[in-house]
1. On the basis of being modelled with pLDDT of 95 or more, under 20 Å from residue 390 (Cα atoms) and touching a helix residue (DSSP H, G or I) at 6+ places or on another chain (Cβ under 9 Å), does residue 246 make the cut?
2. Please name all residue pairs, on different chains or six or more residues apart, with Cβ atoms under 8 Å, provided the first residue is in segment 114-139 and is farther than 22 Å from residue 68 by Cα and the second residue is among the hydroxyl-bearing types (Ser, Thr, Tyr) and part of a strand (DSSP E or B).
3. Check 204, 189, 137 and return the single one that is buried (at least 24 other Cβ atoms within 10 Å of the Cβ) and closer than 18 Å to residue 330 by Cβ.
4. When you scan segment 216-233, how many residues do you find that are farther than 14 Å from residue 265 by Cβ and among the β-branched types (Val, Ile, Thr)?
5. Residue under question is residue 120, and the condition is that it be surrounded by fewer than 20 Cβ atoms within 10 Å (Cβ to Cβ) and either more than 25 Å from residue 286 (Cβ to Cβ) or not aromatic (Phe, Trp, Tyr) (or both); does it hold?
6. Please work out if residue 9 is buried (at least 16 other Cβ atoms within 10 Å of the Cβ) and either at pLDDT 95 or above or not assigned by TED's automatic domain parsing to the domain that holds residue 335 (or both).
7. For segment 236-264, what are the residues that are assigned to a loop (DSSP other than H, G, I, E, B) and surrounded by fewer than 21 Cβ atoms within 10 Å (Cβ to Cβ)?
8. If you scan segment 160-183, which residues turn out to be in contact with a Ser or Thr (Cβ under 7 Å, 6 or more places away or on another chain), modelled with pLDDT of 95 or more and more than 20 Å from residue 232 (Cβ to Cβ)?
Amino acid sequence: MKARRLLAVLWACAMLATAACGGSAPSGAAGEAGGRDDGPVKIGALHPVSGSFAVDGLQMRRGAELAVEAINADGGIESLGGRKVELVSGDTQGKVQVGQSEAQRLISAGAVGLVGTYQSAVSTNVAVVAERNEVPFVMDVTAADEIFDHGYRYSFRVQPGSTVIATAAAQYLDEVSREHGRPVEKVAFLHEQTDFGTAAAEAFTAAARERGIEVDPIISYDATTVSDFTAQITQVKASGANVLAAAGYYGDSLLISRAIASVKPDLDAVWGVSNGAFDQPTFVSDAGAGSELYFNTNYHYDANNPQTTELRAEYERRYGAPMRTGAVLAYDAVQVIAAAVEQAGSTDPARVRDAIAESEVAPLTVSDGPIRFGDDGDNRNAVPVLTQVLNGRVTQVYPPEKAETEPRYEVAW
């Protein structure tokens, strides 16, 4: 589909069928009940727009909405006579069971596909619902890889997975530290305790140890209840680690930075691994000078892509806040489904699924090529990038071919 031209138009425009989800219906029945064959082409968006992760969830819903607006402004789905696209949204509230029931609701309302969900634990259940209903589910932000161990046919993922990101994080750390003459020897790892953080810690630890890097201590925490990290950062300080790696969401990672500023451990670097804060413009404003020189290895919007720059400028103009990478990924995920509907010339979810599996869509996030899914549903061309806060701006610094400038391997205190 005409994904790049859509941006120009936008700029111009100013788990199982349990009682908890009310049972699952076959995709055909759900489509007929939802009027899938007539009216707007419905794409379901599942994000946490209330609860602990509401800021990111609202960002992602808005990113999906901008994608739908661009598609419609560019003429809708041409192969279906210009039918418009409609976003039908669900609020997961950051809860597994709510996400499951909301997925079923959107499918029953006639969604040809789903995007979401920001949280791996929620996406795990949504993937089961999508598979049972034979409706494609394109994950925008979902790090955990276990979802792809089940042989699902209807699950796809735009972002690079946890193992890919964490392995790259260990590689980049090893290479950058050596290039600066201070090869890392010992890393302390602090992570939130759900599937997301645990998978990141396990994959990073395995990759680091293969490179002769010790990882100890490994400290987990509950992101929904933690209010202070002084004790954990004091433990890190006493451990003798020369780098602190952290995998967490936005609020808890901001608290980590504040504890670091207070305790001042003797570190060469703070190294985010799929961190939900350290590459966000709002982290720079919320943490102030304490954010300077923080690293993060993660998926990231492509700062070198003019279309991405245009989209982010439009988002900030409308909503008065910088557009986060999660919102850009939600935009990309909606484009994937719309392009598949266009290619299939159909709103039959099975045909849309097959078109997704064969499609190539130019992304607005850092990539080694178009979004292209392998047999397991993972995006083959998704790549992690290392960012660093430099002079108050999140900047792509590694690998060299993706960098805006060179990294500085040091801390600000």
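The values are calculated or read from the model by the stated rules, or taken from the named source; none is laboratory data. As the structure is a computational prediction, the values presented were derived from the model and not from experiment. Here Cβ is always computed from backbone atoms with ideal geometry, including for glycine, and neighbour counts include all displayed protein chains.
1. Spelling it out, residue 246 is indeed modelled with pLDDT of 95 or more, under 20 Å from residue 390 (Cα atoms) and touching a helix residue (DSSP H, G or I) at 6+ places or on another chain (Cβ under 9 Å).
2. Pairs that qualify, where the first residue is farther than 22 Å from residue 68 by Cα and the partner is among the hydroxyl-bearing types (Ser, Thr, Tyr) and part of a strand (DSSP E or B), are 127/155; 131/155.
3. After ruling out the rest, the residue left standing is 137.
4. 4
5. On the way: surrounded by fewer than 20 Cβ atoms within 10 Å (Cβ to Cβ): no; either more than 25 Å from residue 286 (Cβ to Cβ) or not aromatic (Phe, Trp, Tyr) (or both): yes.
Taking the combined requirement at face value, the residue does not satisfy it.
6. No.
7. Correct list: 240, 242, 264.
8. 165, 168, 172, 183
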